[in-house]
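The values are calculated or read from the model by the stated rules, or taken from the named source; none is laboratory data. Predicted model, so just to flag it, every value in this text is computed and none were measured. Cβ sites come from the backbone with ideal geometry, for glycine too, and all protein chains shown count toward neighbours.
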Amino acid sequence: MITESGLNPQILPSYAIIDYAWDVLQENTDMTTSDYNGKIPITPASQQPEFTDIDKPFLVYAWSENDSGGLHVARTGQMSFAVYGRTDREISHIANLLTIGFGRYDMSAENVNQWKIGKPYSQIRFMTFWATTLDGPTPERTEAGRQSAVVIIRYRYVVDYAITLPGTLP
């Protein structure tokens, strides 16, 4: 067996992106965890009832990844955020903040890399980000009377995870 040195494979780039997105929103809106019973209002694809019961915006995310072709440590991924809120202005503001925060390619990657120093995912090095608003606020009401918009964030990163590889010669 050979044990590779590197990052714990339970730490994913999506964690860094979610935490950075939350910090962007806290810096540029009046959103705080105290409005959400101490929780960050960014949740996985199964929406939590405690967020739909609060009359504040919240985000639902999903992500996918693949390799970058040829270099095992370089990967690409995409994270989508569905932004739920009461008004189109509220939703558009949040979607625009995420698009701007992650949409500046290498500069966004540099910002995230500086921000994550000292955090559990500091060994993940983002190479670039780009972002788009895939779908602006919906004309119909959804999710307990809320409207939604979708922001897609694409990213490229490098990481070397620590794993044990069975079946290799010493």
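Only a single criterion out of (1) of a type in the set (D, E, K, R); (2) more than 25 Å from residue 52 (Cα to Cα); (3) modelled with pLDDT under 90 is not satisfied by residue 146, namely (2).
The single condition among (1) in contact with a Lys or Arg (Cβ under 8 Å, 6 or more places away or on another chain); (2) in a loop (DSSP other than H, G, I, E, B) that residue 118 does not satisfy is (1).
For residue 24, the conditions (1) closer than 23 Å to residue 134 by Cβ; (2) at pLDDT below 95 are fulfilled apart from (2). Among the residues of the range 111-120, just one is over 18 Å from residue 77 (Cα atoms), surrounded by 14 or more Cβ atoms within 10 Å (Cβ to Cβ) and hydrophobic (A, V, I, L, M, F, W, C), namely 115. The set of residues in the range 62-108 that are in contact (Cβ under 8 Å) with a residue 60 or more places away in the chain and of a type in the set (Gly, Ala, Ser) comprises 68, 74, 77, 80, 82, 85, 101.
Here the condition is being at pLDDT below 90, out of contact with any helix residue (DSSP H, G or I) (no Cβ under 9 Å at 6 or more places or on another chain) and under 19 Å from residue 20 (Cα atoms); of 114, 123, it holds for 123 alone.
Filter the range 149-170 for residues that are among the aliphatic types (A, V, I, L, M) and in a loop (DSSP other than H, G, I, E, B); which is modelled with the lowest pLDDT? Step through it out loud before you land on a result.
We begin by selecting, within the range 149-170, every residue among the aliphatic types (A, V, I, L, M); these are 149-153, 158-159, 162-163, 165, 169.
With the extra rule that they be in a loop (DSSP other than H, G, I, E, B), the set shrinks to 159, 162-163, 169.
Numbers: 159: 83, 162: 76, 163: 75, 169: 62.
Only one residue tops the list, namely 169.
Going by the conditions given, is residue 140 modelled with pLDDT under 90 and either assigned to a helix (DSSP H, G or I) or not acidic (Asp, Glu) (or both)? Walk me through how you get there before you give the answer.
Numbers: modelled with pLDDT under 90: yes; either assigned to a helix (DSSP H, G or I) or not acidic (Asp, Glu) (or both): no.
Criteria not met by residue 140.
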